[in-house]
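The values are calculated or read from the model by the stated rules, or taken from the named source; none is laboratory data. Bear in mind that the values here come from a model prediction, so they are computed numbers and not experimental data. We place every Cβ from the backbone using ideal geometry, glycine too, and count neighbours over all the protein chains shown.
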């Protein structure tokens, strides 16, 4: 696409936004520094972008660019595209402290100089609505993959740079998910990291223990460090933080391995079983007739069919007796009455047989019922298996949580010189 074509689309999108000012809330949730573009306008913008036949164009980046141009935003303002609306956070520069070189790395530079109220506002209004638990699980996994699996940090480098590395991962995640605004998200990453500090390292502990289970030798060596008690570096003796519970129970790589392996493998089995069950449940739901299962439907059908057959048999017996009575009856008047009864019975039988024919058309195929029964048996089998696995998980949970708690503690601790202990 040429630059002229691209500018045309930008102009068209900007014009669309400007013409629909009534669909823009300039004080979202009653705050002057928050703007929300309503869903109807958001959808129109997406439809217009979808009409662009150029795979090189990133739809969200183009929309952010157009929103910035239409609303005359600063580069520091944040544009976040949601499923239901487009959210804009106006960055108030007057609330940001200028950080001098001498302030770098000190408390004065905390949160990149951004006012804590600004960060709290974004945290409460937006971040908490976006499943922060999943965000920090993902951040922890990315950290372990990048700095442990790929770079294989030693324990000294880990102790020295871990907080900076974790924060860097969080910044990258925030920019990727929300908007490319390094200035704001550098501050917000520090704020969010501080609020979820223990959670972040508990997630890192989970990720490390998962690596141990799959036989990551580097990760095993990394953990062995915490069983050394004393290390000598440049002639100085240091006390290493131990893998120890508050009750004094010490863990090492050998003692924790079997517990962690059983717990994590069981947890993975449970997730796998639950996934299979969800798939079977979808297949079972697809076979339902309204709110009724095929088996229940067939039971109702068979009962209704039997009821009709029983009624037809009763009326047929009455009809046969009426025929016999008609044959032997000598009175003409009584024969006429019997004939009327015969006609009435015949009509009733005819109606019942018609109902039976219509009912038969609603009968389910045997294959469908058998499919449902087999799927249901399979589901129940997984259900029993799930209960067994959940029991094993429960039996190992306390030991695993003890290991995880001890590991979380050492991951945020540093070795101390022996004369400082």
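Among the conditions (1) without any contact (Cβ under 8 Å) to a residue 60 or more places away in the chain; (2) closer than 25 Å to residue 403 by Cβ; (3) surrounded by fewer than 20 Cβ atoms within 10 Å (Cβ to Cβ); (4) in contact with a helix residue (DSSP H, G or I) (Cβ under 7 Å, 6 or more places away or on another chain), residue 196 misses just one, which is (1).
Can you pull out the residues in the range 45-65 that are under 22 Å from residue 78 (Cβ atoms) and in contact (Cβ under 8 Å) with a residue 24 or more places away in the chain?
Within the range 45-65, the first condition is being under 22 Å from residue 78 (Cβ atoms), and the residues that meet it are 45-46, 49, 57-65.
If the condition is that a residue be under 22 Å from residue 78 (Cβ atoms) and in contact (Cβ under 8 Å) with a residue 24 or more places away in the chain, then 45, 49, 57, 62, 63, 64, 65 are the ones that fit.
Within the option set 268, 316, 274, being part of a helix (DSSP H, G or I) and either at positive phi or in contact (Cβ under 8 Å) with a residue 40 or more places away in the chain (or both) holds for one residue only, 274. Among the residues of the range 279-299, is there at least one that is more than 18 Å from residue 376 (Cβ to Cβ) and either in contact with a helix residue (DSSP H, G or I) (Cβ under 8 Å, 6 or more places away or on another chain) or modelled with pLDDT under 95 (or both)? No, every residue in the range 279-299 fails to be more than 18 Å from residue 376 (Cβ to Cβ) and either in contact with a helix residue (DSSP H, G or I) (Cβ under 8 Å, 6 or more places away or on another chain) or modelled with pLDDT under 95 (or both).
All of (1) part of a helix (DSSP H, G or I); (2) surrounded by fewer than 16 Cβ atoms within 10 Å (Cβ to Cβ) hold for residue 247 with one exception: (1).
Conditions (1) in contact with a strand residue (DSSP E or B) (Cβ under 7 Å, 6 or more places away or on another chain); (2) at pLDDT below 90; (3) assigned to a loop (DSSP other than H, G, I, E, B), marked per residue:
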position	(1), (2), (3)
10	no, yes, no
29	no, yes, no
40	no, no, no
54	no, yes, yes
61	no, yes, no
65	no, yes, no
76	no, yes, yes
84	no, yes, yes
105	no, yes, yes
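Give the number of residues within the range 221-243 that are in contact (Cβ under 8 Å) with a residue 24 or more places away in the chain, within 35 Å of the chain's Cα centre (by Cα) and exposed (fewer than 15 other Cβ atoms within 10 Å of the Cβ). Looking only at that region, the number is 1. Against the list (1) out of contact with any strand residue (DSSP E or B) (no Cβ under 8 Å at 6 or more places or on another chain); (2) outside any helix (DSSP H, G or I); (3) over 20 Å from residue 212 (Cα atoms); (4) in contact (Cβ under 8 Å) with a residue 24 or more places away in the chain, the condition residue 152 fails is (3).
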